[in-house]
1. Can you name every residue in the stretch 52-67 that is touching a strand residue (DSSP E or B) at 6+ places or on another chain (Cβ under 6 Å) and either under 22 Å from Tyr124 (Cα atoms) or assigned to a loop (DSSP other than H, G, I, E, B) (or both)?
2. Can you tell me which condition Cys10 does not meet? The list is (1) of a type in the set (A, V, I, L, M, F, W, C); (2) part of a helix (DSSP H, G or I); (3) modelled with pLDDT of 95 or more, and all the others hold.
3. Hey, can you tell me all the residues within the stretch 191-222 that are of a type in the set (A, V, I, L, M, F, W, C) and not in a loop (DSSP other than H, G, I, E, B)?
4. Go through the stretch 229-331 and tell me which strands (runs of 3 or more DSSP E), entirely inside it, have 3 or more residues that are surrounded by 14 or more Cβ atoms within 10 Å (Cβ to Cβ).
5. Of the residues in the stretch 68-85, how many are part of a loop (DSSP other than H, G, I, E, B) and among the aliphatic types (A, V, I, L, M)?
6. Just to be sure, is Val185 surrounded by 17 or more Cβ atoms within 10 Å (Cβ to Cβ), of a type in the set (Val, Ile, Thr) and touching a residue at least 24 places away in the same chain (Cβ under 8 Å)?
7. Considering only residues that are within 26 Å of Asp204 (Cα to Cα) and either without any contact (Cβ under 8 Å) to a residue 24 or more places away in the chain or among the aliphatic types (A, V, I, L, M) (or both), which ones fall in the stretch 239-296?
8. Only one residue in Thr165, Thr180 is under 16 Å from Thr49 (Cβ atoms), surrounded by 12 or more Cβ atoms within 10 Å (Cβ to Cβ) and under 18 Å from the mean Cα position of the chain (by Cα). Which one?
Amino acid sequence: MKKLIILIICLIPINTFAISASSSIAMDLDNGRVLYGYNIDEKRLIASTTKILTALIAIEKGDLNKKVTVSDIIYESYGSSLYIEVGEELTLKDLLYGLLLRSGNDAALVIAKEISGSEEEFVYLMNEYAHNLEMNNTIFYNPHGLEEANGLGNTSTARDMAKLTKYAMENSTFREIFKTKKYTVKTNYKTYVWHNKNKLLNEDYITGGKTGFTELARRTLVSTGSKKNMNLVVVTLNDPNDWVDHKSIYKNIYNNYKSYELINKKNFKVDNETYYKNSTLYVKNNYNMTLTKKELNKVRLNINLMKLEDYADDDIVGYVEVILDDVIYHKEPVHIKKNKEEKLSIWQRIKRWLW
């Protein structure tokens, strides 16, 4: 009997999913839903993944085509570097490529001074961004990610870094730099050819990433991927096997989830709606959501309409809410269009008047 039980157990398929990271997360880039997570709110040092925010601020606040002259602030830099020189001229955009592809700490300091006038003012801006993005367990001390002389270092969580990357990926310039494998720039001193340190870019579904390492933080990695209309960000902190772990996380999700169309703009209608019976209600966008089959059966579409007495064509009169487990993941505006009045014959008008 015991042998039979052992044989049955051995025949049951076991889906093993072991990750080496102290903290890890996979988040849906389209709606912020956590699809996988381990210690996602545990505070940890984040090393050079810091530069995601440094780059984003520079893109949003700076003039990317402006020529920047390298100052002696680079003498405060150590660790990974572009090895740019005092007096060298690069555009801000060039510096951003060096920042994200080669993780240049010298570039981070030059960018901070260019945007805010000083590193201190730039760090203030970084923490302001973190607050506005509700990165509630995050604090920044510098724009590069190295630990300070007093031992303090930029600290965040897997969830917060996923939130940051989700926001950054909404910016087309950031997306373009984030996915670049090779960049060549010619300055007034020399020509550089920078290759991205992110080896995951060799995978066809990877759309970007940023590496990080310090002795205290150990290996940190943020990557983004897109496959079969499923768009993800994966973050691992303190992970000695990060390249393999990221691929495992993507594989697990792509094998177990699917992108389902929940709202179709061509087939949209509101059943039993009488208030706007003389008008057409419509939505402008389709909406897909990454779900398991089990989750698909639990999704609810809730249509909330306002009863407006006066409205014009294309006004918003309500929303379609996509709800899973009592959480609203998407709100699609419902628009209205007044139907054209029928052209009636005289006889039809008389009948309508009489009746």
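1. Matches in the stretch 52-67: Ile52, Asn65.
2. Tallying (1) of a type in the set (A, V, I, L, M, F, W, C); (2) part of a helix (DSSP H, G or I); (3) modelled with pLDDT of 95 or more, Cys10 fails exactly one: (3).
3. Across the stretch 191-222, the qualifying residues are Val193, Trp194, Leu200, Leu201, Ile206, Phe213, Leu221, Val222.
4. 230-237, 258-263, 279-282, 287-291, 316-324
5. Of the residues in that region, 3 qualify.
6. yes
7. Val244, Ile249, Lys251, Ile253, Asn255, Met289, Leu291
8. Thr165
The values are calculated or read from the model by the stated rules, or taken from the named source; none is laboratory data. Keep in mind that what you see is a predicted model, and the values were worked out from it rather than measured. FYI the Cβ positions are ideal-geometry reconstructions off the backbone, even for glycines, and counts take in every protein chain you see.
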